[in-house]
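Colleague: Can you keep this structure in mind? I'll have questions shortly.
The values are calculated or read from the model by the stated rules, or taken from the named source; none is laboratory data. Just so it is clear, the model here is predicted, and its values are computed rather than measured. Glycine also receives a Cβ, built like all others from the backbone with ideal geometry; neighbour counts cover every protein chain displayed. Remember, those area values only see protein heavy atoms, side chains included, never the ligands or the DNA or RNA. Shrake-Rupley method; radii C 1.70, N 1.55, O 1.52, S 1.80 Å.
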Amino acid sequence: MTKILVVDDVEDNIVLLTFDLEDDGFDVEPARSGQECLDKVAAEKPDMILLDIRMPGLSGLETLEILKSDEATRMIPVIMVSATTGDQSIIRALDLGAHDFVSKPIEYPVLAARMRSALRLIQAKRDLEKANKELERLATRDPLTGINNRRSFFKLAEAELTKTIRHGRDIALLMLDADHFKMINDTYGHAAGDEALLTITEICQNACRESDILARLGGEEFAICCPDTNLEGAYAVAERIRQQCENTVIEHNSASFGITLSIGITTFVPSQDKSITEMLQRADNLLYQAKEMGRNRSIAC
Ligand SMILES: Nc1nc2c(ncn2[C@@H]2O[C@H](COP(=O)(O)OP(=O)(O)OP(=O)(O)O)[C@@H](O)[C@H]2O)c(=O)[nH]1
């Protein structure tokens, strides 16, 4: 039910408005002052506020200003109720962010139409925000595993590297690649291969700190950027992941199979590294060495 907060210092006005609003199916909450309005909004956000301009104590305009300056309440649509049509404070209220206004005596059908328009606008804004969030998710997440994609990894890891250099701290990079992944796909099918990628993701997530940046760079290749971590610490993370993978049996349909990882690990070398790209290249070379040496191993340098 749409919740409307009616703010007016005159009890009769509240009663009259409540009668019409409830008749229209709205859930009405009264507030007899600006302060009571702010208190009620803080306790539970209404879908809309009908705010009388002239009130003793905190005026309607002052109340509106507070509501619009707070990130948490800024989006609640406010319709101002003014004493007369020529009320100059209406201009100020609209400039402050009020959605609309009505003049007393209130013609309820006009108010109801303005409320519908405000609610439509707020719904459109919410839909747009939701769509933008979804776009952001699609642009930064790997569709299969839900972790960062390559693009997002570079963006986040570069930002972390900049911070690390500024504060003279450690940062490590792990590059992980599933061994003989083509064979898993060829033997058990592509869906089983996908299942294996999800298992690797879960193992990495469990082994990582909240501050680590985990990504699927593409295919069967993953990367982890570990801020505040030296080579020894990063090697320990890599081995934890590698051993956990080695000891995990993946079940898919009636098949069960194992998966191993080769991992290259490196830390920031100030004389060589200008960006994450150089570090990733070094980790990739170490990963290649791990493959050459027989796979299912971690090499740190
Ligand atoms: N199931 C599945 N397979 C994928 C996906 N992306 C890439 N692949 C497969 O991953 C395989 C990678 O094979 P290769 O690059 O030859 O590497 P590999 O077989 O793991 O061999 P090594 O890395 O040398 O141990 C290919 O068969 C790709 O088709 C995916 O999203 N899902």
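Colleague: Could I have the simple spin-label model distance between D70 and R92, label points 7 Å from Cα toward Cβ, reported in nm to one decimal?
Modeller: It works out to 2.1 nm between the two label points.
Colleague: Another question about this same structure. Quick check on the chain: of the DSSP beta bridges with both residues there, what percent are antiparallel, nearest 5%?
Modeller: That works out to approximately 55 percent antiparallel.
Colleague: Counting just the Cα atoms, what span does the chain cover along each of its three principal axes? Round to the nearest Å and put the largest first.
Modeller: 86, 51, 24
Colleague: Follow-up question, since we're still on this one. Going through segment 36-132, which GluC sites (Glu not before Pro) have at most 15 other Cβ atoms within 10 Å and a DSSP loop state?
Modeller: Within segment 36-132, the qualifying GluC sites (Glu not before Pro) (loop, at most 15 other Cβ atoms within 10 Å) are E44, E71, E107.
Colleague: Roughly how many percent of the accessible protein surface of the chain is carbon and sulfur, given a 1.4 Å probe and a whole-percent answer?
Modeller: 51
Colleague: Taking the chain as a Gaussian network, where each spring joins two C-alpha atoms under 10 Å apart, which residue of F222, F268, F19 fluctuates the most?
Modeller: Maximum fluctuation in the GNM of the chain, among the listed residues, is at F19.
Colleague: Treat segment 150-300 as a sphere of radius equal to its Kirkwood radius over Cα pairs and apply Stokes-Einstein at 37 °C in a medium of 0.692 mPa s; give the translational diffusion coefficient in µm²/s, rounded to a whole number.
Modeller: 211
Colleague: Under a plain spin-label model, where a point goes 7 Å from the Cα along Cα-to-Cβ, how far apart in nm are D23 and T248?
Modeller: 6.4
Colleague: Return one whole number: the accessible area per residue of the chain in Å², for a 1.4 Å probe.
Modeller: Per-residue accessible area for the chain comes out at 53 Å².
Colleague: Now a separate question. Ratio to report: Rg/Rh of segment 3-137, with Cα atoms as the point set and Rh obtained by the Kirkwood method; give two decimals.
Modeller: 0.97
Colleague: Placing unit charges on C-beta atoms (Lys and Arg positive, Asp and Glu negative, everything else neutral), compute the dipole magnitude of the chain about its Cα centre in debye, rounded to 20.
Modeller: In debye, rounded to 20, the chain gives about 1160.
Colleague: Excluding N149 itself, what net charge comes from residues whose Cβ is under 14 Å from its Cβ, given Lys and Arg +1 and Asp and Glu -1? Don't skip to the answer; put the middle values down first.
Modeller: Values: positive: R137, R141, R150, R151, K155, R216; negative: E136, D142, E221.
Surrounding charge for N149 is +3.
Colleague: Can you tell me the relative contact order of the chain? Whole percent, Cα pairs under 8 Å, sequence separation 6 or more.
Modeller: Once normalised by length, the contact order is 13 percent.
Colleague: Could you tell me how far the Cα centroid of segment 78-143 sits from the Cα centroid of segment 1-74, in Å?
Modeller: So the two Cα centres are separated by 14 Å.
Colleague: If the reach is capped at under 20 angstrom between alpha carbons, list the lysines near K125, excluding any in the same chain fewer than eight residues apart.
Modeller: Within the straight-line cut-off, K125 pairs with K3, K45, K68, K133.
Colleague: Protein chains only, probe 1.4 Å: how do S211, S69 rank by accessible area, largest first?
Modeller: Highest to lowest solvent-accessible surface, that is S69, S211.
Colleague: Can I ask one more? Provide, as a two-decimal number, the C-alpha radius of gyration of segment 253-301 over 2.2 N^0.38 Å, N being how many residues it has.
Modeller: Rg over 2.2 N^0.38 Å, computed on Cα atoms: 1.49.
Colleague: Grab the other residues whose beta carbon is less than 10 angstrom from that of A178, score K and R as +1, D and E as -1, and report the net.
Modeller: -2
Colleague: Name the most mobile residue of L217, L21, L156, meaning the one with the largest mean-square fluctuation, in a Gaussian network model of the chain with Cα contacts below 10 Å.
Modeller: Result: L21 has the largest fluctuation of those listed.
Colleague: On to the next question. Starting from 0.36 nm per residue, how many nanometres of slack lie between F257 and K125 once their C-alpha separation is accounted for?
Modeller: Here the answer is 42.7 nm.
Colleague: Through the Karplus equation 6.51 cos²θ - 1.76 cosθ + 1.60, θ set to phi - 60°, convert the phi angles of segment 7-22 into ³J(HN,Hα) values in whole Hz; use x for Gly and Pro.
Modeller: 10, 7, 7, 9, 4, 4, 5, 4, 4, 4, 5, 4, 4, 5, 5, 5
Colleague: Karplus couplings for segment 58-74 from phi (6.51 cos²θ - 1.76 cosθ + 1.60, θ = phi - 60°), rounded to Hz, Gly and Pro as x?
Modeller: 5, 6, x, 5, 5, 4, 4, 4, 5, 4, 7, 8, 9, 3, 6, 10, 3
Colleague: When the chain is fully extended, how far beyond the present Cα-Cα distance does D39 get from D186, taking 0.36 nm per residue of separation?
Modeller: 46.6 nm
Colleague: Heavy atoms only, probe 1.4 angstrom, no DNA, RNA or ligands counted: give me H180, H99, H252 ranked by accessible area, highest first.
Modeller: Values: H180 100, H99 60, H252 35 Å².
Largest accessible area first, the residues go H180, H99, H252.
Colleague: Counting only protein chains, not ligands or nucleic acids, how are M48, M75 ordered by accessible area (probe 1.4 Å), most first?
Modeller: M75, M48
Colleague: Give me the Å³ per residue figure for the convex hull around the C-alpha atoms of segment 164-206.
Modeller: 87
Colleague: Would you calculate a helix-derived [θ] at 222 nm for the chain, using -39,500 (n - 2.57) for each DSSP H run of n ≥ 4 and dividing by the full residue count, to the nearest 500?
Modeller: Details: 10 runs with 151 residues, N = 301.
The per-residue figure over the chain is -16500 deg cm²/dmol.
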